[in-house]
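Each remark here refers to the structure printed beneath this line.
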Amino acid sequence: MKRFVLVLAAVLLFSFAAVAQPRAVGVRIGNYGADVSYENYAGENDFLEFELGMDDVFNTNAFHLDGVYNFMIAHPDWTAEGQWGFYVGPGASVAVWDNPDHENVVYAGLLGNVGLEYIFDFPLQFSLSLRPRLMFGDGKIRRNGLFTLGLGVRYMF
């Protein structure tokens, strides 16, 4: 299952790399784990965000793949250099977690994203985002990670 998720993520990343829109790649580290992050801008301001990550850095059997379409809602002029931005967006998530019997269970769900980003004058981006999610699987709702706060650092190209 781990190989399948990694191969799927690689295919998605390479397919979006062919698009001639600005993009960014980096990491998002949050209160529930770490993600490899990829952004591809769709139009002038809105962007797609894909993340492959582990929900617990020390538990390698807890993976998730998130996809979010973010709408840029404001660009405040807080500094003379760089660019600030507020964004929100809906998305979907697929995850594999261990249950108490140590069996892998696949969960699927919906998520939202609310964030603030800063893009420097050189190709570096910082972001802070809150990502609520509802995950369903194994006949129940997964409550761990309902609200995740994450700090993203990405290289833009």
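The values are calculated or read from the model by the stated rules, or taken from the named source; none is laboratory data. None of these values were measured; they are calculated from a predicted model. Don't worry about glycine lacking a Cβ; one is built from the backbone with ideal geometry, like all the others, and counts go over all protein chains shown. When the accessible area is computed, the model is the full protein with side chains, heavy atoms only, and any ligands, DNA or RNA have been set aside. Shrake-Rupley method; radii C 1.70, N 1.55, O 1.52, S 1.80 Å.
Suppose we keep only residues that are open to solvent by 20 Å² or more (accessible area, probe 1.4 Å) and farther than 24 Å from N45 by Cβ within the stretch 79-98. Which one would you say is modelled with the lowest pLDDT? Here the answer is D98.
Taking residues in the stretch 126-141 that are more than 30 Å from G82 (Cα to Cα) and aromatic (F, W, Y), and partners anywhere that are part of a strand (DSSP E or B) and open to solvent by less than 40 Å² (accessible area, probe 1.4 Å), the pairs with Cβ atoms closer than 9 Å and at least 6 places apart or on different chains are F136/Y107; F136/G109. The residue pairs whose first member lies in the stretch 71-89 and is part of a strand (DSSP E or B), whose second member is of a type in the set (S, T, Y) and surrounded by 13 or more Cβ atoms within 10 Å (Cβ to Cβ), and whose beta carbons are closer than 7 Å, counting only pairs six or more residues apart or on different chains, are F71/Y87; M72/Y87; I73/Y87; W84/Y118; G89/Y69. Elements of the type strands (runs of 3 or more DSSP E) sitting completely within the stretch 109-156 and holding at least 1 residues that are touching a Phe, Trp or Tyr at 6+ places or on another chain (Cβ under 7 Å) and loosely packed, with under 15 Cβ neighbours inside 10 Å: these cover 124-137, 147-156.
As a summary of the residue check, A24 satisfies the conditions (1) part of a strand (DSSP E or B); (2) open to solvent by 40 Å² or more (accessible area, probe 1.4 Å); (3) at pLDDT 70 or above; (4) of a type outside the set (D, E, K, R) except for the one numbered (2).
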